[in-house]
Amino acid sequence: MKTLAIIINYRSAHLTRNAVKSILESDRFGSIQIVVVDNSCDESEAARLREMLPGEAALWVNSENLGFGRACNQVFRAYPSDHVLLLNPDAILLPGCLQQLQQALMRHDGLGAVGPQIFWDDGLEYYLPPSYPDLFLWIHPLFSGLKSRLLSDCWRLFSIRVWKARRSVRVLNLSGGHVLIRRKAAEAAGGLFDPAFFLYYEDTDLFVRIRQAGYGLRVIPGAKVVHYYDQCDQKNWKNKRQLMTAAHHLYIRKHCNGWKKSLSRITRRISARYSGNVFAEKPPCYHAAFTVNIPEPLWKGWLFEWSPNADFIPSIGKFGTGPRMLFPEKMWRMLAPGRYYGRIGDSGGMLGAYHVFSWIIEESENHLGCEELHHGD
């Protein structure tokens, strides 16, 4: 069995080095070929990669930025394999991760791709959100302006189910930033990525096609990854958000059909009747790393969620106990400028009573560079 690992670098050589290192140090079945594609269009970045990358990793330097999907397609076509591992530069595999993902695909022929449990931090305290089921992509925009409490509760229940899972979980979508794909499934789906997507949603499109080809998708809780979330090319955060919006519109146009149009009409009618706001009143706002006092009824078990969206779809989660929750300086400095929302509620079931707040990170603040992360020695 042969696995092809693809990492797309864009001005993040230090992070890419750590991602490659985590793959090389992973236990695995069969052989592995690691290929790094540099989309930076910067000779000094290419030189850094040549200096930093171990000899086991091949380097492919593009003369122009082809985007994530097209760069992956280059390697997918050039290197034969049984499985394809996609890993973001700002992510690292934890011990045993790759082997558990491989084992899942080997045991179940009906699986087209498997993903790990994803954490934001080295201490494995903060869970990154599961990937949007495609149904949410249709419903959420219709409700998000109203900050629907109903949809927010549904997303919370889904997230908790994935975060607390001890066995593999069937899902409708995975993240292209850390996933192992069966090559036959991608080929049956018409190929790896649609080149029309420059960045974002190309993975959602792929996994819809893989499901349509008859394959399943699962999250494997025993396989763990740390993804430092939005650490690549942080200075261009405004451009990245614009690219995400454009990619979402492209995805909607591509996959729009009759029943989804009908769903849109139905959800508009529902949203006109159900418009409960996530925030009943203006929440307190922090302007530096903070500590939150937990309401006493939640001391036995709480869930802290935070998100750039006021309805907490999607959100990062941390489970805890006790009277206080600390959001430390290092976490604060990992975030791009903008407003973020936090809430603390019971660690299971529907949200019920909760404590809400927000914080603002100014554009002038210093943020962690690639070299400052724990693994960027």
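The values are calculated or read from the model by the stated rules, or taken from the named source; none is laboratory data. Owing to the predicted nature of the structure, the values given are computational and were not obtained by experimental measurement. Because the Cβ atoms are built from the backbone with ideal geometry, glycine has one as well, and the counts that use them run over all protein chains shown.
Cβ separations smaller than 9 Å between residues 6+ apart or across chains give the following pairs from the range 285-306 residues that are more than 18 Å from Ser159 (Cβ to Cβ) to residues that are surrounded by fewer than 18 Cβ atoms within 10 Å (Cβ to Cβ) and basic (Lys, Arg): Cys285/Arg339; Ala289/Lys330; Ala289/Arg333; Thr291/Arg324; Val292/Arg324; Asn293/Arg324; Ile294/Arg324. Selection within the range 165-222: residues that are hydroxyl-bearing (Ser, Thr, Tyr) and under 15 Å from the mean Cα position of the chain (by Cα). The member of this set that is nearest to Asn39 (Cα to Cα) is Tyr200.
Scanning the range 112-143 for residues that are in contact with a His (Cβ under 7 Å, 6 or more places away or on another chain) and within 22 Å of Arg209 (Cα to Cα) returns Gly115, Pro116. Figure legend. Inter-residue proximity from the range 314-337: first residues in contact (Cβ under 8 Å) with a residue 12 or more places away in the chain, second residues part of a loop (DSSP other than H, G, I, E, B) and of a type in the set (Ser, Thr, Tyr), beta-carbon distance below 6 Å, spacing 6+ or different chains. Indicated pairs: Phe319/Ser347.
All of (1) under 22 Å from the mean Cα position of the chain (by Cα); (2) under 23 Å from Phe193 (Cα atoms) hold for Gln33 with one exception: (1).
When you check Asp205 against the structure, is it more than 26 Å from Arg107 (Cβ to Cβ), assigned to a loop (DSSP other than H, G, I, E, B) and of a type in the set (D, E, K, R), yes or no?
Working: more than 26 Å from Arg107 (Cβ to Cβ): yes; assigned to a loop (DSSP other than H, G, I, E, B): no; of a type in the set (D, E, K, R): yes.
So Asp205 does not fit the description; no.
Of the residues making up the range 174-195, those that are closer than 19 Å to Tyr132 by Cβ and out of contact with any strand residue (DSSP E or B) (no Cβ under 7 Å at 6 or more places or on another chain) are Ala189, Phe193, Asp194. Determine whether the range 104-111 contains at least one residue that is farther than 20 Å from Arg209 by Cα, in contact with a Pro (Cβ under 6 Å, 6 or more places away or on another chain) and in the same structural domain as Phe207 (by TED's automatic domain parsing). The answer is no; no qualifying residue exists.
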